[in-house]
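Input: a single structure, listed below in structure tokens.
None of the figures in this text is laboratory data; all of them are computed from the coordinates on show. Nothing here was measured: the structure is a model prediction, and the numbers come from that model. We place every Cβ from the backbone using ideal geometry, glycine too, and count neighbours over all the protein chains shown.
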Amino acid sequence: MISEFKEYAKKLGYQQWTAIQKAVYTPLISGENVVGIAPTGSGKTVAFTLPLLERLRGSQGLGLIVIEPSAELAMQTQKTLLEWGKLIGLTVQGVVGGANLGRQIDRLKDHPNVLVGTTGRLMNLLELDKLKLETVQAIVIDEADNLLSEETLDPIRTLVDRAPDEVQLGFFSATQNDSLRHVNRWFNQKMTTIDVTSIDDTRGKVRHGQLEVSNRKKEQMLLRFLHLDDFKALVFFNQVSTLQKVSGFLIHRHVRETAKLTSEQNQTSRQNALRDFRKGKVRLLLTTDVAARGIDIPKLPAVINFDLPRDEKTYTHRVGRTGRMHQAGLVINMGDDHDLRRIKQLVRDQFDLSPIYFNGNQLSDTKPVQTDHPDETSYIQESSDRKPVEAHKQPRQPHQEPLAHSNKHHKKRKHLKRKGMRHKRKAKG
């Protein structure tokens, strides 16, 4: 490794390289095509950044393209590449959807050495003949298990076909799938697969809890997490429609410590939500798998599965947001008894799930003593500056007819008055 990178790594406090960083360095700097599999948060971005930038040192024009599944992840990766690239005089540009296309085209005239972008915007530039690939030495497909799907596989293959025949390819992912196992068929290249999942030691201790709650009470249960000290979490939903409904519920109750992160928002709104979440202004960030893919939140305490994931791959990506780089983490799976049994069965080969409870305003391993009000919403406490939730209202008692002998405090009934009038008319006649 070049001295500039060694010195900067020491300055950043790197004590040792992670398993994926050590494993792919030599193959990548030697020009091999690599499929790199490593857990989320194990340093995959730095793993491909250092050897590929080192190969580019002193080169002219565009030499490296990194493809990301979202604008947020592209900007995150761009920041890392720029941080290391400037040490050796390399320039980096980001091209993502939602940003001004004309401005991006103008900046391409400066001939950046590295381009980080989303598939759609890269294809826009290619179709407009504004992106020239003649000098490209390497292409990295990050979050490859996601990007090699039906929707984006063909555009990526088109981009690779337009590059020189000897272009080096790198595919990086937290999980293995059929597309990655047979990636050589899609790109007609010999691949070296490096999977360090079994030897990676970057994960901190992460507890996977099961919080039993009925589906109709999940919204109110979220309020309880805001009473935990120093707590914040990514809250995952399967559908944007459910996320919007829950967001509306929280807004209606004047809760200001939550925000949304969805693919439907514009780029500025998503950036603001992430910034406020990283700073702690927002403590519950409601999101989906698509919107949160690959996002790095340093020292994130917890992940909440409001909707339980449908497969093990999705579960792995979600829980990988917490417990990074030796930090402790917590995963809270919410659902009824049937849902929790299903998710435990789904991930039992990889994760150990155990019951978790709310005991007052604390999370506990011990089931709380049953009270006169066993409904979980009876535990919810609101801060003094918020309106009490409806769960605190006393239930309306069913209507009861007064007893016959207890009507002295009530107005005379109309039929009694009419009876008296009939009696009077009869007597007069």
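Taking 0.36 nm per residue of sequence separation and removing the Cα-Cα distance, the SER214/GLU4 pair yields an extension gain of 70.0 nm. First measure r as the distance between the Cβ atoms of PHE231 and LEU87, then evaluate 1/(1 + (r/R0)^6) with R0 = 51 Å and state the FRET efficiency to the nearest 0.05. The formula returns an efficiency of 0.85 here. For the options GLY209, GLY280, GLY13, a Gaussian network treatment of the chain with springs between C-alpha atoms closer than 10 Å singles out GLY13 as fluctuating the most. How big is the Rg/Rh ratio for the chain, C-alpha atoms only, Rh by Kirkwood, two decimals? On the Cα set of the chain, Rg over Rh gives 1.19. Peptide packing: for 324-334, 154-164, the average count of neighbouring Cβ atoms within 10 Å per residue gives the ranking 324-334, 154-164, highest mean first.
From the alpha carbon centroid of segment 249-286 to that of segment 122-147 is 31 Å. Using the Cβ-Cβ distance between ARG107 and HIS182 with R0 set to 30 Å, the FRET efficiency from 1/(1 + (r/R0)^6) comes to roughly 0.25. Result for the chain in a Gaussian network model with C-alpha springs under 10 Å: among LEU126, LEU169, LEU261, the largest mean-square fluctuation is at LEU126.
Its residue count N fixes a reference of 2.2 N^0.38 Å for segment 208-356, and the Cα radius of gyration divided by that reference is 0.97.
Neighbour counts of C-beta atoms inside 10 Å place SER247, SER241, SER364, SER198 in the sequence SER198, SER241, SER364, SER247, starting with the fewest. For segment 210-282, the gyration tensor built on C-alpha atoms gives an oblate shape. Its axis ratio a/c (a ≥ b ≥ c) is at least 1.5, and a/b is not larger than b/c. Springs between Cα atoms under 10 Å define the GNM used for the chain, and in it the highest mean-square fluctuation of GLN21, GLN265, GLN176 occurs at GLN265.
Near the amide H of ALA302, within less than 5 Å, lie the amide hydrogens of LYS232, LEU234, LEU330, all on another chain or at least 5 residues away, with H placed in the peptide plane. Take every pair of alpha-carbon atoms less than 8 Å apart whose residues are at least six positions apart; their mean separation over the length of segment 3-195 yields a relative contact order of 29 percent.
Please compute the contact order of the chain in relative form: average sequence separation of alpha-carbon pairs under 8 Å and at least six residues apart, divided by the residue count, as a percent. Normalised by residue count, the contact order of the chain is 16 percent. Computed from phi, the 3J(HN,Hα) profile of segment 81-95 under the Karplus parametrisation 6.51, -1.76, 1.60 (θ = phi - 60°) reads 5, 5, 4, 7, x, 5, 5, 10, x, 9, 9, 10, 10, x, 9 Hz, with x in place of Gly and Pro. Here the residues LEU274, LEU28, ranked from fewest to most Cβ neighbours within 10 Å of their Cβ, fall in the order LEU274, LEU28. Of the peptides 86-93, 40-47, the order by per-residue mean of other Cβ atoms within 10 Å, starting with the highest, comes out as 40-47, 86-93. In whole angstrom, note down how far apart the Cα centers of segment 160-185 and segment 303-345 are. A separation of 29 Å, based on Cα centres.
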